[in-house]
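Asks: There's a structure below that I have some questions on.
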Amino acid sequence: MKTNKKRTKYLSLIALTLFMFVAVFVSSMVGVTSFSFSDIVTMMAEKLGISESTTASNMQNTIFWNLRLPRIVLCLLVGAALSVCGATYQSIFRNPLTDPYILGISSGASLGAAISILIGMDSQLFGIGAIALATALLTVLLIYKIASIGNRMHTSTLLLTGVCFTFLITAVISFLMVLNQDKMERIIFWTMGSFAAASWTDVLVTAPCVVIGICVVIYYSKDLNLLLVGSETAKSLGVNVERTKKHLLFFTTLMVAFAVSCCGVIGFVGLIVPHCIRLVVGADNRLIIPYSIFVGGIFLLMCDTLSRTVLQPSELPVGSITALVGAPMFIYLLWKSKKQL
């Protein structure tokens with residue numbers, strides 16, 4: 001029986017990997033400048049030195065390698081990071097309605113990004129990411145302290161605290177934009193969420209944080225299952241609850257901060273993806289986390305592809321696409337659990 005479950009798990013992950021590659025190829029083909037499948041294969045073969053043909057022009061190579069491909073890779077990284085963070089927060093706070101956006105953590109990171117732009121640190125390699133991490137961690141700490149009563153955390157208090165922090169931070173960012181109108185356009189970019197300015201530098205900065213963060217969450221996935229039962233039960237079963245929570249909150253916030261620093265605030269990915277996966281595979285985080293990596297990346301890549309192709313040559317913020325899907329889902333979950341609230 002266990003062998004069949006393991007086989008199903010591995011086959012599902014292989015299928016998701018193949019689907020991810022298909023999604024990458026489709027996304028790389030469509031856009032203002034479109035490519036055929038043979039064009040992409042030819043450009044990759046030339047890059048790898050397999051073929052010496054030069055059917056693609058210099059402009060096509062530039063668009064594909066310097067604009068479209070880094071954008072696709074960054075979508076996969078950010079989607080994986082946000083969905084894994086959402087699954088982690090839902091287990092830590094024992095609440096299926098939490099994600100980085102609803103808790104206000106993404107907004108906290110965006111405040112750090114706005115501050116770094118205003119003081120001129122955005123030109124440095126880790127300038128935005130470092131300040132975004134500091135403000136996001138402060139937001140997590142404040143929300144955790146306000147929503148906790150002893151070892152208990154009320155769902156309604158947690159959600160309301162997150163919503164209030166989101167509105168407060170949005171107001172602060174608006175105030176900063178009014179005072180610094182010359183940099184307003186750049187700050188607005190962070191509040192709406194977009195991959196339009198994605199580059200290989202963003203990928204190189206974000207990838208290590210995402211990989212390290214996901215590895216830490218996978219390492220603690222068994223402990224996350226025990227935290228779902230309750231802190232006291234987890235402690236009785238040998239889990240160092242406070243240390244586990246601190247480690248998980250730090251590394252997930254690290255992922256959120258660097259995701260926001262490169263593409264702005266993108267909401268509801270961490271809510272939709274883990275919840276849908278949980279409906280399919282159950283509540284075991286040892287399954288939810290690996291699936292979230294692939295499904296989250298694919299979901300955000302599909303949303304970004306829609307955002308840049310629906311109104312060509314104009315482009316929609318990817319945050320608006322995820323909100324169109326996520327907001328109805330959030331309303332449905334609230335309605336479904338209204339008796340508990």
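Asks: Compute the distance from the alpha-carbon center of region 255-288 to that of region 154-213, in whole Å.
Replies: Region 255-288 and region 154-213 have Cα centres separated by 17 Å.
Asks: Give a residue-ordered list of calculated ³J(HN,Hα) values for region 41-49 (Karplus: 6.51 cos²θ - 1.76 cosθ + 1.60, θ = phi - 60°; whole Hz; x for Gly, Pro).
Replies: 3J(HN,Hα) across region 41-49, in whole Hz: 4, 5, 5, 5, 5, 5, 5, 7, x.
Asks: Figure the gain on full extension for THR170 and VAL280 (residue separation times 0.36 nm, minus the Cα-Cα span) and round it to one decimal in nm. Let's see the in-between values first.
Replies: Values: separation 110, 0.36 × 110 = 39.60 nm, distance 3.53 nm.
Full extension from THR170 to VAL280 adds 36.1 nm.
Asks: Ok, one more. Choose one answer from GLY264, GLY112, GLY127: the residue with the largest mean-square fluctuation in a GNM of the chain with alpha-carbon springs under 10 Å.
Replies: Fluctuation is largest for GLY127.
Asks: How far, in nm, would the chain grow between VAL310 and CYS215 when pulled straight, counting 0.36 nm per residue and subtracting the alpha carbon separation?
Replies: Details: separation 95, 0.36 × 95 = 34.20 nm, distance 3.55 nm.
Extra length available between VAL310 and CYS215 comes to 30.7 nm.
Asks: Each residue of region 87-95 in order: what ³J(HN,Hα) in whole Hz does its phi give by Karplus 6.51 cos²θ - 1.76 cosθ + 1.60, θ = phi - 60°, with x for Gly and Pro?
Replies: Along region 87-95, the couplings run 4, 5, 4, 5, 7, 5, 8, 6, 8 Hz.
Asks: Count of lysine pairs in region 16-336 with Cα atoms under 27 Å apart, counting only pairs 8 or more residues apart in sequence or on different chains?
Replies: Here the count comes out as 9.
Asks: Can you give me the distance in nm between label points at MET329 and SER236, each placed 7 Å from the Cα along the Cα-to-Cβ direction?
Replies: Result: 3.5 nm between the two label points.
Asks: May I pose another question? Each residue of region 192-203 in order: what ³J(HN,Hα) in whole Hz does its phi give by Karplus 6.51 cos²θ - 1.76 cosθ + 1.60, θ = phi - 60°, with x for Gly and Pro?
Replies: Coupling constants for region 192-203: 9, x, 7, 9, 4, 9, 4, 9, 5, 4, 4, 5 Hz.
Asks: To the nearest 0.05, what FRET efficiency results for THR157 and VAL26 with a Förster distance of 41 Å applied to their C-beta separation? Kindly include the intermediate steps, with their values, before the conclusion.
Replies: Numbers: r = 43 Å, r/R0 = 1.05.
After rounding to 0.05, the efficiency reads 0.40.
Asks: Picking from SER307, SER261, SER110, which is most flexible by a Gaussian network model of the chain using Cα springs under 10 Å?
Replies: SER307
Asks: Sticking with this one: Name the longest site-free stretch of the chain, where the excluded sites are trypsin sites (Lys or Arg not before Pro) in a DSSP loop with no more than 13 other beta-carbon atoms within 10 Å. Before the final figure, lay out each step's value.
Replies: Working: sites that count: LYS338, LYS339.
In short, 1-337.
Asks: Using the charge dipole of region 16-336 (Lys, Arg: +1 at Cβ; Asp, Glu: -1 at Cβ; taken about the Cα centre), state which of ALA23, LEU168, VAL318 has its Cα farthest towards the positive end.
Replies: Result: LEU168.
Asks: Further, regarding this structure: How far, in nm, would the chain grow between SER57 and THR8 when pulled straight, counting 0.36 nm per residue and subtracting the alpha carbon separation? Let's see the in-between values first.
Replies: Details: separation 49, 0.36 × 49 = 17.64 nm, distance 4.42 nm.
Value of the extension gain: 13.2 nm.
Asks: Say each of ALA45 and SER320 gets a label point 7 Å from the Cα, pointing the same way as Cα to Cβ; how far apart are those two points in nm?
Replies: Distance between label points: 4.0 nm.
Asks: With an 8 Å Cα cut-off and a minimum separation of 6 or more residues, compute the relative contact order for the chain in percent.
Replies: Values: 475 pairs, mean separation 99.1, N = 341.
Over the chain, the number comes to 29 percent.
Asks: Beyond 35 Å, how much of the Cα-Cα pair distribution for the chain remains, as a whole percent? Don't jump to the answer; show the numbers that get you there.
Replies: Details: 13445 of 57970 pairs.
In whole percent, the long-distance tail amounts to 23.
Every number here is computed from the coordinates shown, using simple stated rules; none is lab data. Note that the structure is predicted; figures quoted are calculated from it, not measured. Backbone-built Cβ (ideal geometry, glycine too); neighbour counts: all protein chains shown.
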